[in-house]
1. If His98 satisfies all but one of (1) under 17 Å from the mean Cα position of the chain (by Cα); (2) within 14 Å of ligand 1 (Cβ to nearest atom); (3) not in a loop (DSSP other than H, G, I, E, B), what's the number of the condition it fails?
2. Got a sec? Which of Ile170, Ile208 is among the aliphatic types (A, V, I, L, M) and within 12 Å of ligand 1 (Cβ to nearest atom)?
3. Given the residues His135, His115, which is the only one that is away from ligand 1 (no atom under 16 Å from the Cβ) and out of contact with any strand residue (DSSP E or B) (no Cβ under 6 Å at 6 or more places or on another chain)?
4. Can you name the residue in the stretch 21-67 that is away from ligand 2 (no atom under 16 Å from the Cβ) and in a helix (DSSP H, G or I) and, of all such residues, is surrounded by the fewest Cβ atoms within 10 Å (Cβ to Cβ)?
5. Looking at Gly212, Gly226, Gly192, can you tell me which residue is closer than 17 Å to Glu4 by Cα and not polar (S, T, N, Q)?
6. (1) within 24 Å of Asp34 (Cα to Cα); (2) touching a residue at least 60 places away in the same chain (Cβ under 8 Å); (3) within 16 Å of ligand 1 (Cβ to nearest atom); (4) not charged (D, E, K, R): which one isn't true of Asn183, the others all being true?
Amino acid sequence: MNSEQLSWLIRRHCVEMTHRARASHIGSDFSATDILATLYADVLRYDAKAPQWRDRDRFLMSKGHASAELYAALAESGFFPVEELKTFCENGSRLLGHVSSEVPGVELSTGSLGHGFSVAVGMAYAAKKSGDVGHKVYALLGDGECNEGAVWEAALFANHFRLNNLVAIIDRNQMQSLDFGENTLELDDSEGRYRLADKWRAFGWRAIEVDGHDLNQLKSAFEEAGENAKKEPHKPTVVVANTIKGRGVAFMQNDVLWHYRYPHSGWEYDDAVRELHERIPSGVVDPYASSGIMRVARPENDGEIVDDHALSSSWKSSYPEQMRRVEARPGTDERVHAVIEDKQ
Ligand SMILES: Cc1ncc(C[n+]2csc(CCOP(=O)(O)OP(=O)(O)O)c2C)c(N)n1
Ligand SMILES: [Mg+2]
């Protein structure tokens with residue numbers, strides 16, 4: 001299966017899993033879907049039938065709330081039956097709402113932000129110390145997760161011990177749970193001269209910035225990271241992937257609502273499936289509805305949508321005016337939202 005096909009299937013499973021389970025984080029799943037698809041289709045070395053194979057690359061999902069997409073990627077890569085995805089978040093299921101190491105292919109239970117990356121750094125260090133050079137360690141972090149102090153301590157450590165067997169990936173979707181990053185704790189400097197990638201460079205890392213939805217760019221970045229030992233022999237690599245939260249379903253994009261909301265029965269679920277089917281890659285069959293959903297029960301008056309989505313970007317109307325610095329444009333592909341007020 002190629003990365004485009006895997007990417008489509010991951011998104012399709014995420015719609016189904018969060019819908020059935022009434023569970024969260026589909027926006028977070030969607031922003032990193034293309035990253036995971038590239039990793040599992042083109043980059044990571046693994047044996048799905050022997051998940052503990054000694055020479056496997058290690059992948060740690062440090063933003064462990066985006067569990068549905070990881071489970072979907074693992075199931076489609078052969079670690080466990082795809083059918084099991086239907087049990088996501090059910091009582092007794094091993095597919096817990098935050099990433100669980102009970103699941104074949106998962107290296108570490110995650111969800112407490114900052115921890116997964118710290119453990120990844122420790123694993124890379126241990127591999128170096130024991131002369132175990134047959135594999136790399138990868139960790140996927142959210143950008144909001146970079147607000148955690150532990151992340152920067154681990155980044156210093158990786159530089160100090162020259163962990164060139166380590167690749168961090170930042171899902172730079174500019175959002176965290178209930179707001180934009182800029183409104184919460186900024187990662188770029190106030191003049192826009194030093195961006196997140198520059199911070200990592202200053203910490204001794206090699207930083208590569210890419211469009212996190214461009215499968216070719218992602219693949220090249222990981223190949224470049226693999227070449228690291230030749231070019232800059234001592235440095236760990238970070239791939240800063242610029243992404244859109246909710247990418248793939250127009251009404252979910254760049255809207256804080258979809259951090260926690262699941263696609264409800266009716267127009268939300270139907271329209272999400274319909275839109276995915278507009279771009280189904282050849283050779284892929286929808287495991288849930290092979291011919292997609294043709295007619296979407298979209299509410300006739302927009303008022304219903306607004307009521308239903310009172311928590312969407314407009315929810316910030318209750319904020320004091322000086323806090324409303326950034327405004328979303330939901331339903332568009334525009335990643336850089338309008339700054340509507342000076343940040344003073
Ligand atoms: C240590 C810790 N604090 C708070 C949370 C609650 N929490 C869950 S998701 C989230 C936002 C994460 O934002 P980001 O890392 O940007 O991930 P995204 O959903 O945007 O991909 C927060 C604060 C947590 N899981 N762990
Ligand atoms: Mg984020």
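1. (3)
2. Ile170
3. None of the other options fit; the residue is His135.
4. Asp42
5. Sole residue among the options that is closer than 17 Å to Glu4 by Cα and not polar (S, T, N, Q): Gly212.
6. (1)
Residue-by-condition table, conditions (1) touching a Pro at 6+ places or on another chain (Cβ under 9 Å); (2) within 16 Å of ligand 1 (Cβ to nearest atom); (3) not hydroxyl-bearing (Ser, Thr, Tyr):
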| residue | (1), (2), (3) |
| --- | --- |
| Leu9 | yes, no, yes |
| Asp34 | no, yes, yes |
| Asp42 | no, no, yes |
| Ser67 | no, yes, no |
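A short reminder: the numbers here are calculations on the coordinates, not readings from a lab. Given the structure is predicted, the values throughout are model-derived calculations rather than measurements. Don't worry about glycine lacking a Cβ; one is built from the backbone with ideal geometry, like all the others, and counts go over all protein chains shown.
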